[in-house]
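FYI, it's all coordinate maths here, none of it is from the lab. Since the model is a prediction, treat every value here as computed from it, not as a measurement. So basically every Cβ, Gly included, is an ideal-geometry build from the backbone, and we count neighbours across all protein chains shown.
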Amino acid sequence: FGTVLNVHNAVMRGAIEACGGYEVKTEGDAFMVAFSRPDDAVRFALRVQLSMRDVVPDGLEQPLLVRIGMHT
């Protein structure tokens, strides 16, 4: 599970940086992220979903699926 979580976290943090977000906190595989603009949050969510679709960590047969919620 550690490797899968590392891949997940790398994708998340890459998208946070690329979209100008700020990592508020994490717990397990959950991230709380803040953005200055709502459209940056939407770009982040789309980027994560598309990136995860293309990642199949060692030991898994399918890509990671993630749920993303947003609040303004």
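How large is ³J(HN,Hα), in whole Hz, for each residue of the range 9-21 in order, when computed from phi with the Karplus curve 6.51 cos²θ - 1.76 cosθ + 1.60 and θ = phi - 60°, using x for Gly and Pro?
Calculated HN-Hα couplings, in order: 5, 5, 5, 4, 5, x, 5, 4, 5, 5, 9, x, x Hz.
What's the angle, to the nearest 10 degrees (0 to 90), between helix 38-53's Cα axis and the longest principal axis of the chain?
Orientation of helix 38-53: about 10 degrees from the principal axis.
Could you tally the net charge around residue 4, taking each other residue with its Cβ under 10 Å from the Cβ of residue 4, Lys/Arg +1 and Asp/Glu -1?
Local net charge: -2.
What are the residues whose amide H is under 5 Å from the amide H of residue 33, where those residues sit 5 or more places off or on another chain and H is modelled from the backbone?
So residue 33 has HN proximity to 24.
Let me know the charge dipole size of the chain about its Cα centre in debye, to the nearest 20, where only the beta-carbon of Lys, Arg (+1) and Asp, Glu (-1) is charged.
Charge dipole of the chain: 220 debye, to the nearest 20.
If you average the sequence gap of Cα pairs under 8 Å that are 6 or more apart and divide by the length of the chain, what percent do you get for the contact order? Don't skip to the end; give the middle numbers.
Working: 72 pairs, mean separation 19.5, N = 72.
Averaging sequence separation for qualifying contacts and normalising by length gives 27 percent for the chain.
Each residue of the range 57-68 in turn: what ³J(HN,Hα) in whole Hz from Karplus with 6.51, -1.76, 1.60 and θ = phi - 60°, glycine and Pro shown as x?
Result, rounded to whole Hz: x, 3, x, 10, 9, 10, x, 6, 10, 10, 9, 10.
Ranked highest first by average number of other Cβ atoms within 10 Å, how do 56-63, 38-45 line up?
38-45, 56-63
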